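Report on the following structure.
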Amino acid sequence: ICFALLCHRTKLILILECQATKTCRKYVDLATNTDNANVKVLIDPKQFSRNEANGIIIIDKLQPRDFHILFVPRRSLLCEQRLKEKGVLNSFTNIDEYILDLIPYDGDLLSMESESSFRECYLENDQTSLYHAAKGLMTLQALYGTIPQIFGKGECARHVANMMLRMKREFAGSQTQILPVFDTLLLLDRNVDLLTPLATQLTYEGLIDEIFGITNGYVKLPPEKFAQKKQGEGGKELPTEPKKLQLNSAEELYAEIRDKNFNAVGAALSKKAKIISAAFEERHNAKTVGEIKQFVSQLPHMQAARSSLANHTSIAELIKDITTSEDFFDSLTVEQEFMTGVDTDKVSTYIEDCIAQKDPLIKILRLVCMQSVCNNGLKQKVLDYYKKEILQTYGYKHILTLKNLERVGLLKPQSTMRNNYPTIRKTLKLWMEDANEQNPNDISYVYSGYAPLSVRLTQVLARPGWRSIEEVLKMLPGPHFEERQQVPTGLHKKRQPGENRTILVFFLGGVTYAEIAALRFLSNMEDSGTEYIIAATKLINGTSWIKSLMDSPEENLP
Amino acid sequence: MTTLEDGTGVCSKGPGNRERSSLRLQQAFITQNEADSSVTVWQSHLICLNFFKTSSQARRRPCFSLNRKIELYEMGWNLKDGLRECLVAAAPYGGPISLLKGHNRRSPSARPQLEIYSSSGLPLASFPWKSGVVKQLGWTVSDDLLCVQEDGTVLVYDLLGGFKRHFSMGNEVSQSQVLETKIFHSPYGTGVAILTGALRFTLATNIDDIKLRRLPEVPGLQGAPSCWAVLTQDRQSKVLVANGSHLFILDNTACTPVTPPGLSPQASSIVHMCVSFSYKYLALLTDSGHVWMGTSNLKEKLSEVDTKIKTPPKQMAWCRRPKSQQPSAVVMWDGLLIVVGECKETIQYHLDDDSILVPELDGVRIISGTHHELLQEVPGACEEIFKIASMAPGALLLEAHKEYEKESQKADEYLREIKEQSLLSEAVRQCVEAAGHEHEPETQKTLLRAASFGKCFLSNFPPEQFVSMCRDLRVLNAVRDYTVGIPLTHTQFKQMTVQVLIDRLVYRKLYPLAIEICRYLKTPEYQGVSRVLKHWACYKVQQKEESDEVIAKAVSVKLADAAGIFYSEIATKAYESGRTELAIKLLEFEPRSGEQVPLLLKMKKSPLALSKAIESGDTDLVYTVVMYLKNELNRGDFFMMLRNQPVALSLYKQFCKHQEQDTLKDLFNQDDDHEELGNLYVKASYKEQRLEARIALLQSAVDEYYKAKNEFSAKTTEDEMRLLRFQRKLEEEKGELLVGFSLHDTMTTLLSVGLHKHAEQLYKDFRVPDKRFWWLKLKSLAEKEDWEELEKFGKSKKSPIGYLPFVEVCIKHHNKYEAKKYVSKVTPEQKVKAHLAVGDMEGAAEAAIERRNESEISTVLSRCSATTDHLLMERLNRAKATAVKK
């Protein structure tokens, strides 16, 4: 969404998405290729100021077209100034902003799609995305009423809450009289729970994201499995274009299985297959014209269900190929050992072997970081050994990446302090030995044993409250706090007995699909009494997250 | 032709007087002269007309609407010569009046005097006119006074005489001078139209956003046109101009001749024209004394009346209620006012004094040297209620209430009569509506009481209309007061809205009244009270005689509880009037940092601006200040200031990272941040193509890392330099591309081309762990399929990674034969795996059984196929059973 180009074609507005990194050159190409007098350029101020050098001059040459500039997500004075310095500000017929804070991704999910938010906040001390988050929350409150309670944990959470309270004062007097929809807002810093994104997600959706990567609700899959099987042609023309699928809860089957542990997906799919084929069998029972008509009327829905089933069966097969591999099993075993605290203070042979075989760097970094987090830092000797191994194998340039990881706390030398991870694990019950994958009774099913810390905090907040875990909260980084916002009299929500509380959980620095699955599981639990809406700066997984923190100097080469 | 009826006429109607009176005179309404009640208590200002000619025509609607003339004020001003020889302009909606006496005088000794009065004639401002010759005065929609000078300059004053700005109507106008000017209002604001000495029209539709338009030439125009007017049609302002008997419409592009349909032929020239308030209707007066009335698009004629007066009039205006069926215009000559409508007959008034007409939405105001009157068509509801012998439900209800007050049983009779026709709610509605159109509070009260009385007998009658009318009337009565002098009618009030009324009061600095009204009408705070208070404060800060402290305190105390106050605007006002200190004090109260910052920068309070920007959390704002400071301050001061603001500093570093690497270096140097400097050099080294420069940069990095006491980074970077040198040397010697490879990849490459010794050297020099080197060598030899060398390597010493990898790597390269060589060397724990890897089921089973390990047995079992390994499976199952027992 970062970069998009709006073209006015009569009254139709086309939004063409570009890769965020390809930036200017790409949109200018698009601009030259459109025959329209009006070309709108949507610009992400941050990206723009970084790349303005090679973009704007080209635009200037393209006169006498009409250029409009729309800043996304917000107008930037800095950017305008740059344009002015380049002397092209006046070339734009129209300069405006397209405010894009929180983008709804699903019925219960909002994302800011701010890729580098975590990096900016924790590495670069640039809190722009937090400002946008606060603005987004203000918009949300303008639409759905003031949220009476705000809880938070972490420095960024504190900062966002402060800005919200401040903005509230700024808007004083212009509040709309809306009955609050949300009862509570929970702001969580990603660095309160660094462990969860590092672990391999084991829900269906989580695995799709881990293996193929979900971008903006779409996944691109290798096409082989989706080839139309036609007899006689012998698979001559396999499609080469990757298969692109949209993934959201609008698809009935996907909504059903997305949050299941992958081990339960097979059963769900085969059950569904039986239902669908039974439904198709119905036609033999349809005797009267009326019955046939009714059957025919259901056909489109059934066919959609069948093709959806076919798609997901194929995806599940693709995933199964990987999850059943020895590599996957071994690395999962090591992850789980770390999470349960086995041998976290020694150099892991598995990691050593992986480095020796030059497995993908991100995989190594994920594992090393995980070990460090689970051990509350590594012994200096162990840490230096890992670092040396990585640098010798993958190149000395990664020294900057390693420094970044150290700065955000993903890697650190052990301090004199005791390792408090076991205490946190025990108090919050982060490891459940008997996780039930088929019929889960606890959120730990999403990682087949590990219950995500962030979601546990959320769960405890709802019941019995954070006061019960005061000690653990102190061990986690950043302050925890509670704020109350005055709701106009007469707008206090009177909850009917049996009506659920609604909590908006905002992950500052990103959220994984497994965490979302865990929160949805909590919403659906019969006696939970709480419904969760999830918001985040970005939907992440361990790989994309680590990638965002990497610093590879080559990228800057011309 | 006029008949005055005594007020008792209303009262005398009774049940006994029920037949329609043969006397067809109609009575409209009687009002009391507030200003001079002692003279005549019931003085009528009404003209009652009857144009029902014969009884056969009785069912036709009257061809003339009823008019009434209400005295609004006796003017408070004291004008010696009345309005004679004055330029006068009065704003619509009961706005202020401006007078310029002797505007034609040019000698500096006798400067003309510009005076501004309220509608009731109370002085608001007065000052001698020092600028050029004024051709026209006019008011904008926001109560600003426009003075159009001969040279086309327009001066703008507020209604208290304060100069605001000036603008020009263009070169062409200033060269050929202004001949005539008209100021007009449209949905786009206030516009100015000018007829120049060159007989061309120049027009600006909105003076707040001036876009001058020069209209096309009028063909055959020799001298000034006989008359012209501005029309707003099809979202465009056009000029209608008459040259003799020819009529033209000028728009942006063309001059189109037009003919009003049915204009009587005896006319040889159109001498006057006027457009209705809504621009829908047009009236033309010809030299033959005929008034033609029609729609302004000139498609339809409504009527034509002969005034029998052939001298040119002083002024002409439409006098028409919105939604009225009947056209009606007012023409004024010296001492005479004629109302023309649909019929041949006209109504004439005698005027004692020089007067001007001010067209309004629902009538015409007549301002003379002594009086201020409103002439309007009698509103429907008033007519129904007050006409003689009216049997309208409202009239009956009013009667019923009167009887009730007298404690007479007749009240019940009247009521019953209304109720029998089930018209009680209609009666209440009529009374409420009529009350709205009455200017006299007593009459309003009488009508509202009657309405309230009627309401008692109704269930489920919605109260909103009654309640809001009571509120509106209170507000209206307050602003109509002599001291305020805004004679709004209820219709005008509804059209202009409360918001605008509040603005008008604010312009007049009537803050307490404005606040009272806001509170009374329960206007949302930020639109009402807060807004008024803000204006008050803006005014307050300009009072030079009071000290900063006093004003700041007064403002903060008054505004403390008000929500949504924008202090920045007040501070801006203070700054503009040269009170920087006061502005800073006031800005402290501003909750929105975003608003504080620009002003603080303007006032050169940059440190404060920076901290406010940071407080807001808006990074863009911080950048704005930082960039400003960067340009304003010298480098040293700039860095010092950033140093005290870590948030700004880190943002600036981000900026530098992408834009100014050198500045970044300076910043780190200033902070002695050697670690970051080292990183910076490392990063720079990768951008460098030449190896020498690259190594030099890395050396700088090493130095910095040592200064930062980061031994690890320093050592690592030294290693990197060593590797680079080694790679270059080998490249030169052996011609293998190596520079830029990681240590691992370098060794792999060396092994793959058979440079084992060099690889060994790196392994030793860089102290590569044995395990990794073994893996590396194993893989690259297998890759090369150099099995001989591999075997040698395997035997060279005991493998630190065991021999299972040997087996697996061989299998990966599809060499089962080689793989089998290593199976025997594998440790017992891994034996099963090794056997399975080479596909030796027997061996695997053997090993598993030997180890009596249940899970290993199961693994082997799972790999067996039921058809071929039948016997083996039996053995395994037995062994498993015993293993489980144990």
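Where a number appears in this text, it was derived from the coordinates with a stated rule and is not lab data. This is a predicted model, so every value here is computed, not measured. Neighbour counts run over all protein chains shown; Cβ positions are idealised from the backbone, glycine included.
Check A:Met112: other-chain or 5+ apart residues with amide H under 5 Å from its amide H, H built from backbone geometry?
Amide H neighbours of A:Met112, under 5 Å, 5+ apart: A:Ile103, A:Ala536, A:Thr537, A:Lys538.
At q = 0.18, 0.20 Å⁻¹, what log₁₀ I(q)/I(0) does the stretch A:238-322 have when each alpha carbon counts as one equal point scatterer in the Debye sum?
-0.85, -0.97
State the dimensionless ratio Rg/Rh of the stretch A:364-414 (Rg: radius of gyration of Cα atoms; Rh: Kirkwood radius).
Taking Rg over the Kirkwood Rh, I get 0.93.
What does the structure give for B:627-634 when I average, per residue, the other chain Cβ atoms found within 10 Å of the residue Cβ?
The mean count of partner-chain Cβ atoms within 10 Å per residue comes to 1.
What do you get for the angle between helix B:606-616 and the principal long axis of chain B? Use alpha-carbon atoms, 0 to 90 degrees, nearest ten.
80
Under 37 °C and 0.692 mPa s, how fast does the stretch B:538-670 diffuse according to Stokes-Einstein, given a Kirkwood radius computed over C-alpha pairs? Answer in µm²/s, whole number.
206
Quick one, what does Rg over Rh come out to for the stretch B:161-271 if you take C-alpha atoms and the Kirkwood Rh?
A ratio of 1.00.
Using only the alpha-carbon atoms of the stretch B:342-451, report the extent along each of the three principal axes, biggest first, to the nearest angstrom.
Projected onto its principal axes, the Cα set of the stretch B:342-451 covers 52, 32, 22 Å.
Given the pairs A:Lys220/B:Lys812; B:Lys709/B:Lys729; B:Lys280/B:Lys323, which span a C-alpha to C-alpha distance of over 20 angstrom in this model?
With Cα atoms farther than 20 Å apart: A:Lys220/B:Lys812; B:Lys709/B:Lys729.
In the stretch B:566-612, which GluC sites (Glu not before Pro) are in a loop and have at most 15 other Cβ atoms within 10 Å, using DSSP for the loop call?
B:Glu588
Determine by what factor the alpha-carbon radius of gyration of the protein assembly as shown differs from 2.2 N^0.38 Å, reporting the quotient.
1.28
Which translational diffusion coefficient, to the nearest whole µm²/s, is obtained for the stretch B:443-597 from the Stokes-Einstein equation, given a Kirkwood hydrodynamic radius over C-alpha pairs, 20 °C and 1.002 mPa s?
Answer, rounded: 121 µm²/s.
What does the convex hull of the alpha-carbon atoms of the stretch B:680-836 project to on average, in nm²?
11.1
Calculate the radius of gyration of the Cα atoms of the stretch B:324-390 to one decimal place, then report Dmax, the largest Cα-Cα distance, as a whole number, both in Å.
Using the Cα atoms of the stretch B:324-390, the pair Rg, Dmax is 13.3, 38 Å.
Determine which residues of the stretch B:357-379 fall in the zone a paramagnetic label at B:Leu122 would reach in this model, i.e. backbone nitrogen under 17 Å from the point 7 Å along Cα→Cβ.
Flagged as within label range: B:372.
Taking every pair of alpha-carbon atoms in the stretch B:748-819, what share in percent sits in each 5 Å bin, from 0 to the bin with the longest distance?
Computed distribution, short to long bins: 4, 17, 30, 27, 16, 5, 1, 0.
On C-alpha positions alone, give me the angle between the axis of helix B:464-480 and the longest principal axis of chain B, in degrees, nearest 10.
With rounding to tens, the tilt is 70 degrees.
Based on Cα coordinates alone, diagonalise the gyration tensor for chain B, multiply each eigenvalue by 5, take square roots, and list the semi-axes in whole Å, largest first.
Numbers: eigenvalues 1833, 329, 177 Å².
The equivalent ellipsoid of chain B has semi-axes of 96, 41, 30 Å.
How large is Rg over Rh for the stretch B:814-880, taking Rg from the Cα atoms and Rh as the Kirkwood inverse mean of 1/r across Cα pairs?
Reported Rg/Rh, Kirkwood definition of Rh: 0.97.
If one computes P(r) from the Cα atoms of the stretch A:401-476, what percent of pairs lie at distances over 17 Å?
Everything past 17 Å amounts to 56 percent.
Would you mind checking the stretch B:455-497 for residues with the amide N under 17 Å from a putative spin-label position 7 Å along Cα→C-beta of B:Lys419?
B:455-461
For the stretch A:326-418, what is Rg from Cα atoms divided by 2.2 N^0.38 Å, rounded to two decimals?
Taking N as the residue count of the stretch A:326-418, the ratio is 1.00.
If one takes the longest principal axis of the Cα atoms in chain B, at what angle in degrees, from 0 to 90 and to the nearest 10, does the Cα axis of helix B:490-507 lie?
Relative to chain B, helix B:490-507 is tipped by roughly 70 degrees.
If you project the alpha carbons of the stretch B:411-518 onto their three principal axes, what span does each projection cover, largest first, in Å?
53, 24, 20
Eigenvalues of the Cα gyration tensor times 5, then square-rooted: what semi-axes does that give for the stretch A:246-384, in whole angstrom, largest first?
After scaling each eigenvalue by five and taking roots: 50, 13, 12 Å.
Distances over 14 Å make up what percent of all Cα-Cα pairs in the stretch B:562-628?
Distances greater than 14 Å cover 50 percent of the Cα pairs.
How much net charge surrounds B:Pro265 when only other residues with a Cβ under 14 Å from its Cβ are counted (Lys, Arg +1; Asp, Glu -1)? Each step should come with its number before you reach the end.
Values: positive: B:Lys301; negative: B:Asp287, B:Glu304, B:Asp306.
My count for the surroundings of B:Pro265 gives -2.
Using only the Cα atoms, what convex hull volume per residue in Å³ does the stretch B:764-886 have? Mind dumping the intermediate values first?
Working: hull volume 13.4 nm³, N = 123.
In the stretch B:764-886, the Cα convex hull volume per residue is 109 Å³.
For a paramagnetic label modelled at 7 Å from the Cα of B:Glu660 toward its Cβ, which residues of the stretch B:613-635 fall within the zone defined by backbone nitrogen distances under 12 Å?
Counting backbone N atoms under 12 Å from the label point, the list is B:626-635.
Between B:Lys707 and A:Glu282, how many nm apart are label points set 7 Å from Cα along the C-beta direction?
A separation of 7.9 nm, rounded to one decimal place.
Scattering from the C-alpha atoms of the stretch B:442-482 alone, worked out with Debye: what is log10 I(q)/I(0) at q = 0.16, 0.18, 0.26 1/Å?
-0.45, -0.55, -0.93
Hey, what does the equivalent ellipsoid look like for the stretch A:284-324, semi-axes from the Cα gyration tensor as sqrt of 5 times each eigenvalue, largest first, whole Å?
For the stretch A:284-324, the semi-axes come out at 35, 9, 4 Å.
Past the 18 angstrom mark, what percentage of all C-alpha to C-alpha distances in the stretch B:279-336 do you count?
Percent of Cα pairs beyond 18 Å in the stretch B:279-336: 31.
Before rounding to the nearest 500, sum -39500 (n - 2.57) across all DSSP H runs of length at least 4 in chain B and divide by the residue total; then give [θ] at 222 nm in deg cm²/dmol.
That comes out to -13500 deg cm²/dmol.
Under 19 Å between alpha carbons, and skipping anything fewer than 8 positions from B:Lys795 in its own chain: which aspartates and glutamates qualify?
Partners found: B:Glu760, B:Asp770, B:Glu783, B:Glu785, B:Asp786, B:Glu808, B:Glu818.
Would you mind calculating the gained length between B:Ser855 and B:Leu336 on full extension (0.36 nm times residue separation, minus the Cα-Cα distance), in nm to one decimal?
On the way: separation 519, 0.36 × 519 = 186.84 nm, distance 12.06 nm.
Extending this stretch completely gives an extra 174.8 nm.
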